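Asker: Handing you a structure now.
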Amino acid sequence: MHLRPALLFLAALAAVRALDAAPDDASSTLSLDTVLAAVRERHPALAAGRTAAEAMRARVDAERAWEDPMVAGNFVRNDQRELLSHSEFELEIAQALPLSGNNRRRARVAEAEAAEARTAVSQTELELVSQARRAFVDLATAQARLGVLRRTEEVLTQLADDLRAKYAAGQRGQSEVFAVEVEQVMLKQEIATLEGRSAALRAQLNTLMSQPVDTSLPPLPALALAASDRALADYVAAARLRHPELSMADASLATAEARIDVARGARRPDPELRLMLKRMNGSSRVVDGYDTGVAVRVPWFNGRKYRAMEREARTARAAAEEARAASEQTVLGRVAEQWHLLEAARQNARLAREQTLPLAQQQLAAAQRDFAVGRIPLGELLDAHRNVFRVEAEVYASLGDYHLMLADLDEAAGLVPSP
């Protein structure tokens with residue numbers, strides 16, 4: 001038996017060990033930092049959110065401003081028969097003085113609402129960054145698996161050529177040639193499926209980076225199983241401190257508190273200072289006389305209305321407090337769940353790479369030796385080959401699952417990678 005097939009399989013086995021090889025050159029690969037920077041800089045949803053937050057901030061000055069002055073002109077007529085004649089002209093000017101402080105209270109509500117808008121942008125950024133990380137991990141996993149399939153395809157092509165030559169020389173059976181050709185067709189189907197999946201993921205990444213969907217992307221670096229020194233308590237503390245969902249709940253609570261102050265201040269009217277200038281018809285003077293006065297609303301006769309306003313504001317604050325507690329419970333529960341899932345994914349990836357794959361490699365090496373001396377048929381050698389491919393695919397899949405779980409945990413804790 002010629003040893004060429006066994007040598008080819010050994011070459012494939014060496015390629016399998018690329019899992020432990022040095023990482024790709026950073027200058028020739030698309031890094032996750034580059035992807036996330038593009039998402040932050042270009043995505044229209046973030047630009048729209050920032051613009052909306054800036055618009056909300058502009059309301060603060062408007063709410064703090066004084067009321068517009070009022071100007072009125074009155075014509076006093078003594079002769080009712082002359083429609084267009086008048087004996088006296090009165091110019092009235094009125095200005096409300098914000099002595100109650102209600103304008104400052106309304107400004108604090110606007111500030112709180114602007115803070116809500118800013119935290120909404122943070123929530124959008126967290127979601128987009130997480131989407132980009134997942135697409136990045138999925139594409140890196142697909143690229144790694146495609147590399148395995150293409151190396152396997154090269155080996156099967158060489159093996160098929162070698163078996164056809166031996167069949168022509170009468171040294172091997174035709175069924176063995178057919179068996180390898182079936183493997184080749186099945187492998188082509190898997191490659192086509194994975195290539196389609198990779199194209200879809202590239203389009204998704206391009207969309208998130210706000211560039212044409214058919215933009216060519218450099219290869220992605222190989223995924224690695226990085227150890228994390230963060231305990232569950234660290235993620236819980238981070239979630240309490242910076243998760244946008246909790247920040248939004250805090251901002252909503254602050255807004256509700258500010259609205260209570262506005263409702264209380266509604267009972268305090270702003271006095272209105274009035275000045276009336278008079279000019280007699282036919283007088284040579286610009287102003288013949290003036291009157292001054294102060295007008296004040298009387299809200300005390302409508303106490304039921306203002307008590308209802310305060311009751312509504314207090315109820316809204318209580319609802320905001322309950323919503324804040326519910327959000328914290330949900331967020332922290334999600335953090336704990338994702339942390340345990342990440343630990344399981346890390347353990348699975350380590351076992352697949354350090355134990356399952358070496359055992360499958362040893363099985364393939366033994367099958368190659370036995371096939372070379374005629375102890376086993378081609379079918380058993382192909383089974384050993386398929387097993388190594390399956391295990392290597394599981395290694396890449398487990399690495400991908402680990403990184404997906406890490407992205408989910410960071411999102412659950414509100415941890416956005418620094419720009």
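Asker: Restricting attention to the range 396-419, and to residues there that are over 14 Å from A142 (Cα atoms) and open to solvent by less than 10 Å² (accessible area, probe 1.4 Å), which single residue is farthest from the chain's Cα centre (by Cα)?
Answerer: Initial filter on the range 396-419 (over 14 Å from A142 (Cα atoms)): 402, 405-419.
Restricting the remaining residues to those that are open to solvent by less than 10 Å² (accessible area, probe 1.4 Å) gives 402, 407, 409, 412-414.
Working: Y402: 19, A407: 10, L409: 13, A412: 11, A413: 12, G414: 10 Å.
Among them, the one singled out is Y402.
Asker: Right, something else. Any residue at all in the range 19-35 that's touching a strand residue (DSSP E or B) at 6+ places or on another chain (Cβ under 8 Å), at negative phi and modelled with pLDDT of 80 or more?
Answerer: Within the range 19-35, the first condition is being touching a strand residue (DSSP E or B) at 6+ places or on another chain (Cβ under 8 Å), and the residues that meet it are none.
Looking through the range 19-35, none of the residues is touching a strand residue (DSSP E or B) at 6+ places or on another chain (Cβ under 8 Å), at negative phi and modelled with pLDDT of 80 or more.
Asker: Would you check which residues across the range 369-390 are aliphatic (A, V, I, L, M), touching an Asp or Glu at 6+ places or on another chain (Cβ under 9 Å) and buried (at least 18 other Cβ atoms within 10 Å of the Cβ) and list them? Steps first, answer last, please.
Answerer: Let us first name the residues in the range 369-390 that are aliphatic (A, V, I, L, M), namely 372-373, 376, 378, 381-382, 384, 388.
Those left that are additionally touching an Asp or Glu at 6+ places or on another chain (Cβ under 9 Å): 376, 378, 381-382.
The answer is L378, L381, L382.
Asker: When A384 is evaluated against the numbered criteria (1) at pLDDT below 90; (2) closer than 30 Å to A37 by Cβ; (3) not acidic (D, E), which criterion, by number, is the only one it fails?
Answerer: The one condition A384 does not meet is (2).
Asker: I would also like to ask the following. So L415 clears everything in (1) hydrophobic (A, V, I, L, M, F, W, C); (2) in a loop (DSSP other than H, G, I, E, B); (3) within 30 Å of R264 (Cα to Cα) except one condition, right? Which one?
Answerer: Every condition holds for L415 apart from (3).
Asker: Tell me, yes or no, whether the range 261-269 has at least one residue that is outside any loop (DSSP other than H, G, I, E, B), of a type in the set (D, E), touching a residue at least 12 places away in the same chain (Cβ under 8 Å) and farther than 16 Å from N102 by Cα. Lay out the reasoning, then the answer.
Answerer: Residues of the range 261-269 outside any loop (DSSP other than H, G, I, E, B): 261-265.
Then drop every residue that is not of a type in the set (D, E), which leaves 261.
Imposing the further condition that a residue be touching a residue at least 12 places away in the same chain (Cβ under 8 Å) reduces the set to 261.
Going one step further and asking which of them are farther than 16 Å from N102 by Cα, we end up with none.
No: zero hits.
Asker: Would you call A256 touching an Asp or Glu at 6+ places or on another chain (Cβ under 7 Å) and either at pLDDT below 90 or closer than 30 Å to N103 by Cα (or both)? Steps first, answer last, please.
Answerer: Values: touching an Asp or Glu at 6+ places or on another chain (Cβ under 7 Å): no; either at pLDDT below 90 or closer than 30 Å to N103 by Cα (or both): yes.
Answer is no for this residue.
Asker: Something else: Answer with yes or no whether R274 is modelled with pLDDT of 90 or more, more than 30 Å from A237 (Cβ to Cβ), surrounded by 12 or more Cβ atoms within 10 Å (Cβ to Cβ) and more than 55 Å from the chain's Cα centre (by Cα).
Answerer: On the way: modelled with pLDDT of 90 or more: yes; more than 30 Å from A237 (Cβ to Cβ): yes; surrounded by 12 or more Cβ atoms within 10 Å (Cβ to Cβ): yes; more than 55 Å from the chain's Cα centre (by Cα): yes.
The answer is yes for R274.
Asker: Further, regarding this structure: Consider the range 182-214. How many of its residues are closer than 18 Å to E380 by Cα and open to solvent by less than 60 Å² (accessible area, probe 1.4 Å)? Before the answer, list the steps.
Answerer: Restricting attention to the range 182-214, the residues satisfying the condition of being closer than 18 Å to E380 by Cα are 182-184, 186-187.
Restricting the remaining residues to those that are open to solvent by less than 60 Å² (accessible area, probe 1.4 Å) gives 183-184, 187.
Going through the range 182-214 one residue at a time, the tally reaches 3.
Asker: Got at least one residue in the range 53-63 being surrounded by 14 or more Cβ atoms within 10 Å (Cβ to Cβ), among the small types (G, A, S) and at pLDDT below 90? Spell out how you get there, then give the answer.
Answerer: As a first pass, look at the range 53-63 and keep what is surrounded by 14 or more Cβ atoms within 10 Å (Cβ to Cβ): 53, 56-57, 59-60, 63.
If we keep only those that are among the small types (G, A, S) as well, we get 53.
The next check asks that each one be at pLDDT below 90; those that pass are 53.
Within the range 53-63, one or more residues are surrounded by 14 or more Cβ atoms within 10 Å (Cβ to Cβ), among the small types (G, A, S) and at pLDDT below 90.
Asker: I'd like to check something: does the range 235-246 contain any residue that is at pLDDT 90 or above, over 22 Å from the mean Cα position of the chain (by Cα) and surrounded by fewer than 18 Cβ atoms within 10 Å (Cβ to Cβ)?
Answerer: Within the range 235-246 (the criterion being at pLDDT 90 or above, over 22 Å from the mean Cα position of the chain (by Cα) and surrounded by fewer than 18 Cβ atoms within 10 Å (Cβ to Cβ)), the answer is no, since none of the residues qualifies.
Asker: How many residues are among the hydrophobic types (A, V, I, L, M, F, W, C), in contact (Cβ under 8 Å) with a residue 40 or more places away in the chain and closer than 21 Å to L194 by Cβ when one looks only at the range 345-396?
Answerer: The qualifying residues number 8.
Asker: Got a sec? Which of T141, T124 is buried (at least 18 other Cβ atoms within 10 Å of the Cβ) and out of contact with any Cys (no Cβ under 7 Å at 6 or more places or on another chain)? Working first, answer last.
Answerer: Details: T124 fails: buried (at least 18 other Cβ atoms within 10 Å of the Cβ).
Selected residue: T141, the only one of T141, T124 that is buried (at least 18 other Cβ atoms within 10 Å of the Cβ) and out of contact with any Cys (no Cβ under 7 Å at 6 or more places or on another chain).
Asker: Could you pull out the residue among A393, A313, A366, A325 that is assigned to a helix (DSSP H, G or I), open to solvent by less than 30 Å² (accessible area, probe 1.4 Å) and modelled with pLDDT of 85 or more? Give the derivation first.
Answerer: Working: A393 fails: modelled with pLDDT of 85 or more; A366 fails: open to solvent by less than 30 Å² (accessible area, probe 1.4 Å); A325 fails: open to solvent by less than 30 Å² (accessible area, probe 1.4 Å).
Within the list A393, A313, A366, A325, the selection yields A313.
Asker: So which residues in the range 44-59 are in contact (Cβ under 8 Å) with a residue 60 or more places away in the chain and closer than 21 Å to V129 by Cβ?
Answerer: The answer is P44, A45, L46, G49, R50, A52, A53.
Asker: Here are the criteria: (1) assigned to a helix (DSSP H, G or I); (2) open to solvent by less than 50 Å² (accessible area, probe 1.4 Å). Tell me which single one G293 does not satisfy.
Answerer: (1)
Asker: Quick check on the range 274-291. Is at least one of its residues free of Cβ contacts under 8 Å to residues at least 60 places away in the same chain, within 30 Å of F89 (Cα to Cα), out of contact with any Pro (no Cβ under 7 Å at 6 or more places or on another chain) and among the aliphatic types (A, V, I, L, M)?
Answerer: Looking through the range 274-291, at least one residue is free of Cβ contacts under 8 Å to residues at least 60 places away in the same chain, within 30 Å of F89 (Cα to Cα), out of contact with any Pro (no Cβ under 7 Å at 6 or more places or on another chain) and among the aliphatic types (A, V, I, L, M).
The values are calculated or read from the model by the stated rules, or taken from the named source; none is laboratory data. Owing to the predicted nature of the structure, the values given are computational and were not obtained by experimental measurement. All Cβ positions, even for glycine, are placed from backbone atoms using ideal geometry, and neighbour counts span all protein chains on display. All accessible areas refer to the heavy atoms of the entire protein, side chains included, with ligands and DNA or RNA removed. Shrake-Rupley method; radii C 1.70, N 1.55, O 1.52, S 1.80 Å.
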